[in-house]
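Student: The following block contains the structure, expressed as structure tokens.
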Amino acid sequence: MQASRARLFKEYKEVQREKVADPDIQLVCDDTNIFKWTALIKGPSETPFEGGIFQLAFAVPEQYPLQPPQVRFLTKIFHPNVHFKTGEICLDILKNAWSPAWTLQSVCRAIIALMAHPEPDSPLNCDSG
Amino acid sequence: MQNHDGVQVDGEVESAASVATPEFDEWANFGDQDIMQQHSAIRAEEAEKIPFLGDKAILKSLDFEPLSSLASEYQSGSAILLEKIKVLGEQYAAIRRTRGDGNCFFRSFMFSYLEHILESQDQSEVDRIKANVEQCRKTLQSLGYADFTFEDFFALFLEQLDSVLQGNEESISHDELIRRSRDQSVSDYVVMFFRFVTSGEIRKRSEFFEPFIFGLTNATVEQFCKSSVEPMGEESDHVHITALSDALGVPIRVVYLDRSSCDNGGVSVNHHDFVPAGSEAPKASEGSEKVTPFITLLYRPGHYDLLYPK
């Protein structure tokens, strides 16, 4: 618990510092709960998502960073690896390929990459793609 | 990756999709998160059966009866294995089991190394490994890892290292070392420290490791580290062992208990010493290397435990 809080605080500081470097991602921590974050990400260019802004919700577990954050789309998105109703995302790094080397910021980057390059082998939305 | 065949999603837009709190009345609502929760429940159940690290069990050398704890697992198993266990019993006094959670190699290494320092109080070895740990830190930095992603894990290992040295305020007993090795918040952090070190070493010397990795999977070095070294619970192979041994400069002996037999019909138990690159170099002119590892692991296909020589 203490360890996860300390780590999240470091990430918070890092996010403040990186804000300018990564204009496609706006990661915001809940005012009262450091385990709740939201992110606004820009749809990648040359994809159907270009021009869109997508909102993500992060729920960070107490065992973070040994366990991955739970992330889902709050904005409706039609994508093969995202559950259309729940916004749940099928991405290996959010499941069994997670490691503490990832950060909330780099997870956002991975999700943007997933939007640009869907993985048809692990569909959550079989009608899409 | 999971395939979500059971998930049927309507093509039409449905506005009444308020599923903030998923319920399990339908498979359609049984998402990855639930699967992961189920996994961790199963893990927790398993955890109650075997601690991260077991007690030391005595390997008694007996005439005909199978060797106590180890042999009982193989009572109806192959004769070669039973024969080998008997041979093991002549050379090794005890076994300490670790939980088969995919981290057994790293966990065995952690305990064995810290136990060795606790018993030997070898200050020069501690100084030596600290210098290597510092080198590993630089390696990760030069590979582009942000400090805050790994520094907590490094700090926790160094803390354990200092506390097994006696004579300071943080000093701990052998019992406390066992307790910490069973405490997830310490044990898993140290395991993760080793995973970072291993990954850094492999990526730093990617040309050297590439052919070995290519033999295991057809992933690139970077993919291999991301998918098979850094995530907790991913099992270790000779690539991991070589990299960790090299990075920290700690030799490791692995004793193989499998069903292979010798050509001449006699039964012997093979072992392989992982000797860190460089440590045998100074005495190369004197012939065979003189390094005897103080860490001995018993490998049975898919799992590592600790062995205690007589």
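Student: Quick check: pseudo-label points 7 Å beyond the Cα along Cα→Cβ at B:Ala219 and A:Asp24, how many nm apart are they?
Tutor: Output for this residue pair reads 2.4 nm.
Student: Within 10 Å of each Cβ in A:87-97, how many Cβ atoms from other chains are there, averaged over the peptide? It would help to have the intermediate numbers written out before the result.
Tutor: Details: counts 2, 8, 1, 7, 2, 5, 3, 3, 8, 9, 8.
Other-chain Cβ atoms within 10 Å of each residue's Cβ, averaged: 5.
Student: Related question: Subtracting the Cα-Cα distance from 0.36 nm times the residue separation, let me have the gained length for B:Arg300 to B:Asp175 in nm, one decimal.
Tutor: Here the answer is 42.3 nm.
Student: Setting aside same-chain residues fewer than 8 positions from B:Lys86, which lysines have a Cα under 26 Å from its Cα?
Tutor: B:Lys56, B:Lys60, B:Lys310
Student: Between B:Lys130 and B:His116, what is the label-point separation in nm under the 7 Å Cα-to-beta-carbon projection?
Tutor: 1.9
Student: OK, next. How far apart, in nm, are the 7 Å Cα→Cβ label points at A:Glu46 and B:Gln37?
Tutor: 4.1
Student: Let me ask another. What is the angle, in °, between the Cα long axis of helix A:104-116 and the longest principal axis of the Cα atoms in chain A? Nearest 10 is fine, range 0 to 90.
Tutor: 10
Student: Let me ask another. Packing-wise, with mean Cβ within 10 Å as the measure, how do B:167-180, A:101-114 rank, highest first?
Tutor: Put in order of decreasing packing, that is A:101-114, B:167-180.
Student: Here is a further query. Using the structure shown, select from A:Lys13/A:Lys36; A:Lys19/A:Lys42; A:Lys13/A:Lys42; A:Lys76/B:Lys226; B:Lys138/B:Lys204; B:Lys204/B:Lys226 the pairs with a Cα to Cα distance greater than 20 angstrom.
Tutor: Over 20 Å Cα-Cα: A:Lys13/A:Lys42; A:Lys76/B:Lys226.
Student: Which FRET efficiency, nearest 0.05, do B:Ser206 and B:Lys49 yield, Cβ-Cβ r, R0 41 Å?
Tutor: Efficiency, rounded to the nearest 0.05: 0.55.
Read the figures in this text as sums done on the coordinates, not as results from a lab. Computed from a predicted structure; not experimentally measured. Backbone-built Cβ (ideal geometry, glycine too); neighbour counts: all protein chains shown.
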